[in-house]
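> For reference, the structure I am asking about is given below.
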Amino acid sequence: QVQLLESVGGLVQTGGSLSLSCAASDDTFRFTILGWYRQATGKQRELVAVQSDGEATRYLDSIEGRFTFARDGAKNTANLEINSLKPEDTAVYYCFAHKPGSEYWGLGTQVTVSS
């Protein structure tokens, strides 16, 4: 069973930056979709950024261009660069991947933004 391995998040001050990375434990797997979700305490999980094969990346509207998603389909990696962090970005961030018939989730990594 392939696993999605996420980098460690961390504690960042408001206005700071953070990079998250995600890699599949088996780089021979070929996913059709890769992306990131997040879930804040007491809220529903929401899509942050996702890219399907042959399509442009879709982002959560409220992130206002602060997030940059980079997918390497050959290496099965999905990186998320987060800039100008705000306290409302505090959440557990989850890597997500999909191939026909199956979807995969990372265990999640905590990002906390201090005000």
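The values are calculated or read from the model by the stated rules, or taken from the named source; none is laboratory data. Quantities reported herein were computed from a predicted structural model and do not represent experimental measurements. Glycine gets a Cβ as well: all are built from the backbone with ideal geometry, and neighbour counts include every protein chain shown. All accessible areas refer to the heavy atoms of the entire protein, side chains included, with ligands and DNA or RNA removed. Shrake-Rupley method; radii C 1.70, N 1.55, O 1.52, S 1.80 Å.
> Once you have a ≥ b ≥ c as the square roots of the Cα gyration tensor eigenvalues for the chain, tell me rounded if a/c is under 1.5, and otherwise prolate or oblate according to whether a/b is larger than b/c.
Prolate, because a/c is 1.5 or more and a/b exceeds b/c.
> Restrict the search to region 1-106; then list the GluC sites (Glu not before Pro) that DSSP places in a loop and that have at most 10 other Cβ atoms within 10 Å of their Cβ.
Here the sparse-neighbourhood loop sites are 55, 64.
> Arrange the peptides 56-63, 19-26 so that the one whose residues have, on average, the most other Cβ atoms within 10 Å appears first.
Ranking the peptides 56-63, 19-26 by packing returns 19-26, 56-63.
> Let me ask something additional. Just read off the accessible area of residue 30 with the full protein assembly in place, 1.4 Å probe, to the nearest 10 Å².
130
> Let me check something: with ligands and nucleic acids excluded, how do 29, 67 order by accessible area (1.4 Å probe), largest to smallest?
29, 67
> With +1 assigned to the C-beta of every Lys and Arg and -1 to the C-beta of every Asp and Glu, and no other charges, what is the dipole magnitude of the chain about the Cα centre in debye, to the nearest 20?
Charge dipole, the chain, about its Cα centre: 100 debye, nearest 20.
> Continuing with this model, one more query. Counting only protein heavy atoms, what percent of the accessible surface of the chain is carbon or sulfur at a 1.4 Å probe?
Here carbon and sulfur together make up 48 percent of the probe-accessible area.
> Under a 1.4 angstrom probe, counting protein chains only, how are 36, 105 ranked by accessible area, largest first?
Sorted descending by solvent-accessible area, the residues read 105, 36.
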